[in-house]
1. Give the long-range amide H neighbours of Phe120: residues separated by 5 or more places, or on another chain, with amide H under 5 Å away, using H modelled in the peptide plane at 1.01 Å from N.
2. Arrange the residues Phe131, Phe139 by how much accessible surface each exposes, largest first, with a 1.4 angstrom probe.
3. May I ask you to evaluate 6.51 cos²θ - 1.76 cosθ + 1.60, the Karplus curve with θ = phi - 60°, for each residue of segment 126-138 and list the ³J(HN,Hα) values in order in whole Hz, giving x for glycine and proline?
4. Quick one: with all protein chains in place, what share of the accessible area of segment 81-179 is carbon or sulfur, to the nearest percent (1.4 Å probe)?
Amino acid sequence: EPKVKSDGENDFHVENTIETDVDASKESLVSSQEQFVDTVCEAEDLIDTDERQMVDDASRFDVSSKNKDLYISIFLEAPKNKPYSGYELLQSILTSGLRYGKQAVFHCFAQQNIKNQVLFSLASAVEPGVFDLPKMGGFSTPALTLYMNAKLVDDPLMVFEKMLSVANELVESLGGRVLTSKQEILTKEHVREVCMMLNSVEREKTNLDLFEVMA
């Protein structure tokens, strides 16, 4: 005769299952994010000497660099046993000013209501990282990732500050915490170092522009 589990046993089993799933998902966050970045990067020329130096510097700031792209990313980790999910997640994303777009993820655009230049994007931190809008009611993820390409925006420092602002808005409405791409708590020191990196990127762009004018 089949044995019927008590409510307490069922709750314990469900809780352990959720914890196992969340832990397994967290282990794949960094590798999934790197794979996602690889899919949106395009192959370009070999890195020159200055760019190699930037790659070395980038490793200190949790920055993913691929050829002439320079990606900066942060994670939003959902509260334990309460993944980001459903229409509550969708509403919070839209309220933060992001809009659904290419690669089936959300983007912050340079101009509201005009899908032109992308400042930064938001994806699920679990592979494949995309959102299926018609199925958002059943969607859930233990974490989200916000990322930007510092080489493709006019003011990378401003974009990074905007990305942090959106991250804080989402955490305030959905709960959780903001992490670096290495799943460490995002500290003021880390933010300061990233800002220093972005200032160097801006100086590099300015120098290149001056060189082109002089040429």
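The values are calculated or read from the model by the stated rules, or taken from the named source; none is laboratory data. It should be emphasised that the depicted structure is a prediction, and the values quoted were computed from it without experimental measurement. Accessible surface areas use protein heavy atoms only, side chains included; no ligands, DNA or RNA. Shrake-Rupley method; radii C 1.70, N 1.55, O 1.52, S 1.80 Å.
1. Placed amide hydrogens put Cys108 under 5 Å from Phe120.
2. Putting Phe131, Phe139 in descending order of accessible area: Phe139, Phe131.
3. Once θ is set to phi - 60°, the couplings for segment 126-138 become 10, 3, x, x, 9, 10, 9, 3, x, 10, 4, x, x Hz.
4. Roughly 52 percent, rounded to a whole number.
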